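The values are calculated or read from the model by the stated rules, or taken from the named source; none is laboratory data. Keep in mind it's a predicted model, so treat the numbers as computed, not measured. Heads up, the Cβs are rebuilt from the backbone with ideal geometry, glycines too, and the neighbour counts pull from every protein chain shown. We work out accessible area using only protein heavy atoms, side chains counted, and drop any ligands, DNA or RNA first. Shrake-Rupley method; radii C 1.70, N 1.55, O 1.52, S 1.80 Å.
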2 protein chains.
Amino acid sequence: MLNFVNLFVRHVTKQNVLVKLQYSSQVLPQFSSEKYNKTRKDFTTAESRDLDYFKKILGAQRVLTEDSDVLPFNVDWFKNCRGQSKIVLKPKSVQEVSQILSYCNQRKIAICPQGGNTSVVGGGVPMFDEVILNLSLMNQIISLDAISGTLVCEAGCILENLDNYVREHELIMPIDLGAKGTCHIGGNVSTNAGGIRLLRYGNLHGSILGVEAVKADGTIINCLKTLKKDNTGYHLKHLFIGSEGTLGVVTKVAIHCPVKPKSVTVGFFGLDNFKNILKLYRSAKSSLGEILSAFEMIDREALNSSAKYLNQNLPISEYPFYVLVETHGSNETHDEEKLTQFLSKEMESGLILDGTVTSEPGKMQYIWRFRESIPAADLAGAYLYTYDVSLPQNHYYEIVPLLRERLGDKATKVCGFGHIGDGNIHIDVVVPEYSSEITNIIEPFLFEEVAKRNGSVSAEHGVGCRKPHLIHYSVDEDAIQLMRDLKNVMDPNGILNPYKVLPDVYE
Amino acid sequence: MLNFVNLFVRHVTKQNVLVKLQYSSQVLPQFSSEKYNKTRKDFTTAESRDLDYFKKILGAQRVLTEDSDVLPFNVDWFKNCRGQSKIVLKPKSVQEVSQILSYCNQRKIAICPQGGNTSVVGGGVPMFDEVILNLSLMNQIISLDAISGTLVCEAGCILENLDNYVREHELIMPIDLGAKGTCHIGGNVSTNAGGIRLLRYGNLHGSILGVEAVKADGTIINCLKTLKKDNTGYHLKHLFIGSEGTLGVVTKVAIHCPVKPKSVTVGFFGLDNFKNILKLYRSAKSSLGEILSAFEMIDREALNSSAKYLNQNLPISEYPFYVLVETHGSNETHDEEKLTQFLSKEMESGLILDGTVTSEPGKMQYIWRFRESIPAADLAGAYLYTYDVSLPQNHYYEIVPLLRERLGDKATKVCGFGHIGDGNIHIDVVVPEYSSEITNIIEPFLFEEVAKRNGSVSAEHGVGCRKPHLIHYSVDEDAIQLMRDLKNVMDPNGILNPYKVLPDVYE
């Protein structure tokens, strides 16, 4: 992902290059405001006196205003969204964040908080000229209590760096996701990121012990407790988990880190049909019980795409479906025994047609890379519609063949993969180029099908700027109204990440 | 606990008996309003036309107004709090709850939502004449998906009944606590109950998949999703988890139930001093890893109290400290091997002085009973000050000896026990009778000592009517103000569980 950003910087150092490129869908996406047909709200446009104030707070170095400097922060990694901000601010402390927000709130200048900019729904890039508040310089680890497993750090820490750090102390981060090398923990918290190991270590509402966040008016809300049990009043931290920076800017987090497993094993299996995947999942829950840490499914199309992108051979021969199972345990002998018993039982039963099991780090990484590279593979060299939905497990895969049939040759590929243990499927539709015709074939059809099956139109990636008009498929009007009430009481001027999460009243 | 309620009913069938008994501290506690020096707020006093309305909604049978019928609902199980309500309502559906709240909100009649009435902080009984909304008739199980482990039920279901039910489907409830035979799941959710197995299965913010709740104005907020991943807008359900019925009345919950362990083992160990308990905890986390489901500590005084109450011999000979370890696993041979290796290692190291390990259900229950009976034992025949606080583990036990010294012979007993894995200690002070002198010796001293050590003055039992004036020890003013803002937007007339959770502005 860093390559992508570097590419931009290289391409746009001269203003004329920028002008040439900005309408080329191959390189720079269309402006989000045009693509999503948005009207700018009545915010103040930042002017030179505002820049002077920002520079007074941060120093000139941490206020970016050159187009070439600002551009990478305006575009998301998926090349779906593009804002028109003229200013990037890079605070280094909660006090600076507080001063900036307090000022912007008074001046009614809109703000787009930004972490690692890996959002799939455009949550981290501006829609118009919102000032980008990028937290990448707030990247300090504050403390680690290795006994209780409590890590306290700033929001701009990169997930993978944190994982490497706590691993030195025999702990692991409770979340893991494909973008770990780029995404920030603050962004993970703000979007309630799910990821690969939720099945084992639970969601962030369970793992996050404390949060420090700044409200729109600059008030610092300090819920940075490191206690596992704390029932003193309303549980405010949960307001900031998953509200995508619209209720406050997360500046620090305290997170519970589980013990690093002494033994890790990965199994990769080929299966004949989806029904067998569900049967295998039930069997794994029973046989592998407490050591099951991931149960991922990948369909043939998704795996082939990834193999081509990685230019590597498949780990096993070709099957309609694949399952990746990972175990985390404290006793290698016990874990191997459990996994071997499971494998031999299910090869005998015929659920598993072929498989490989390994506990060698290099081989495990090799297998995981096939799973983790699918989004990048689908994104490479074409336009990608990517959907992140939850469904009850018995309906998990139904929408993929429906979409395939509906799109016919209009799509280069329709594939499904995801975290079956959590009911979360990612559906990718790859087409040669974006067109509203294709959009209209997929949407709202896909969302209606999800709603029919009591699913969620946004499982782990949030709403951002791309889905506010869809949340009514999953949330009723009274609940949306309560969300609006909360937004109104916490950010009455609406300056925090506008155009995101909540639909406008007319939508 | 049911015995307690029956006792009341038997004793108070005649009005004159009630009058005689009501000031006897041995039988009926003092009115909370006097004890906590509260002034009634400006709510409407329900009158006959209101009763007519309630009877129209519920039928006369489910509107209790006889003093003898109402009394048990006015007093909490710990005999600490006593309200003066004249009316108990027993709705059977969310629509009835909605109608009642909508009406009361318009009439400005205050409401006290009530579950199993096992609150330790008086959260479930009224302060003055709030109408009691008792949910015990909303006790239907709605659905169970045994594959994904999702239970949906009404709020008035008793925790133990639910556990028995899901066990028939090879699942368990993710929470377990001493009051399980009486407490309601709705109360568990509303108070974010912790309990014994939080160490393994996490807290309710992680386990609760969905909530249906009714706002003060009668609006039904339906977040009753059964999905593990759902990021569609603000995560409203967390507003109702732990807000003790002050933001809404929880009417239904969807909860994730883990797989029932195939193998359960309990170890009970004697130790010499508290430092060794911490060492043992570290060792257990490493050796027992993923199968560790409870790690409880009990001091000598607490265990002796429980043994005397149960009239049973101690499971092992007498030591200054005891540890109860429980494992949940999927393979009995593996689990026993892990626990035996752990035991022999730590008996050799000298951390464990004596111990017993069992996987026989009867014997495990026998051991657990000593732990679970401590509150009832301390409560029997005397006045009990009970404190539920969280502390960083290295300060976990420090306050118990401090209090012992400070109270001298004024206390019959000062003891500590709790969930060390979660940093949650319960401190019981038993005295012959309540007196403000003793209260002043303990408080605010104890809370100041907790705050000094960055602990929480309410770990798992909440704030209720007994702790609003204390939350400033754990929460700063800006956070309290945000809580007030939330209360104001969700319950502008303040009718829901008034005098609870949030301190009055002057407190």
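In table form, for the structure just shown:
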quantity: Residue in segment A:472-490 that is under 18 Å from residue A:239 (Cβ atoms), touching a Cys at 6+ places or on another chain (Cβ under 8 Å) and open to solvent by less than 10 Å² (accessible area, probe 1.4 Å) present; calculated: yes
quantity: Filter pass, residue B:346 being charged (D, E, K, R) and within 14 Å of chain A (Cβ to nearest Cβ); calculated: no
quantity: Pairs, first within 7 Å of chain B (Cβ to nearest Cβ) in segment A:450-468, second basic (Lys, Arg) and open to solvent by 20 Å² or more (accessible area, probe 1.4 Å), C-beta under 9 Å, six or more apart; calculated: A:456/B:225; A:459/B:228
quantity: Residue match in segment B:397-415 (condition: of a type in the set (Gly, Ala, Ser) and touching a Leu at 6+ places or on another chain (Cβ under 9 Å)); calculated: yes
quantity: Sole residue being at the interface with another protein chain (Cβ under 10 Å from one of its Cβ atoms) and modelled with pLDDT of 95 or more, chosen from B:215, B:225; calculated: B:215
quantity: Any hit, segment A:421-430, residues being of a type outside the set (Ser, Thr, Tyr), away from chain B (no Cβ under 14 Å) and more than 20 Å from residue A:379 (Cα to Cα); calculated: no
quantity: Those residues of segment A:205-234 which are within 23 Å of residue B:470 (Cβ to Cβ), charged (D, E, K, R) and open to solvent by 10 Å² or more (accessible area, probe 1.4 Å), in sequence order; calculated: A:212, A:225, A:228, A:230
quantity: Hey, residue A:252 charged (D, E, K, R), open to solvent by 10 Å² or more (accessible area, probe 1.4 Å), under 26 Å from residue A:208 (Cα atoms) and facing chain B (nearest Cβ under 9 Å) or not; calculated: no
quantity: Exclusive hit being crowded, with 23+ Cβ neighbours inside 10 Å and under 29 Å from residue B:394 (Cα atoms), set A:237, A:262; calculated: A:237
quantity: Qualifying residue in segment A:351-370 (condition: without any contact (Cβ under 8 Å) to a residue 40 or more places away in the chain and more than 23 Å from residue A:176 (Cα to Cα)); calculated: no
quantity: Pairs with Cβ under 6 Å, 6+ apart, first in segment B:372-387 and more than 18 Å from residue B:300 (Cβ to Cβ) and at pLDDT 90 or above, second surrounded by fewer than 18 Cβ atoms within 10 Å (Cβ to Cβ) and of a type in the set (D, E, K, R); calculated: none
quantity: Failed item in (1) more than 30 Å from residue B:135 (Cβ to Cβ); (2) modelled with pLDDT under 95, with residue B:294 passing the rest; calculated: (1)
quantity: Number of positions in segment A:160-185 that are of a type in the set (A, V, I, L, M) and in contact with a strand residue (DSSP E or B) (Cβ under 7 Å, 6 or more places away or on another chain); calculated: 4
quantity: Residue within segment A:306-316 that is polar (S, T, N, Q), away from every other protein chain (no Cβ under 14 Å) and under 19 Å from residue A:424 (Cβ atoms) present; calculated: yes
quantity: Condition met for residue A:378 (open to solvent by less than 10 Å² (accessible area, probe 1.4 Å), closer than 30 Å to residue A:471 by Cβ, within 14 Å of another protein chain (Cβ to nearest Cβ) and among the acidic types (Asp, Glu)); calculated: no
quantity: Number of the exception - residue B:230 against (1) in a loop (DSSP other than H, G, I, E, B); (2) not assigned by TED's automatic domain parsing to the domain that holds residue B:153; calculated: (2)
quantity: Counted residues, segment A:481-507 - those being facing chain B (nearest Cβ under 7 Å), without any contact (Cβ under 8 Å) to a residue 60 or more places away in the chain and out of contact with any Gly (no Cβ under 7 Å at 6 or more places or on another chain); calculated: 3
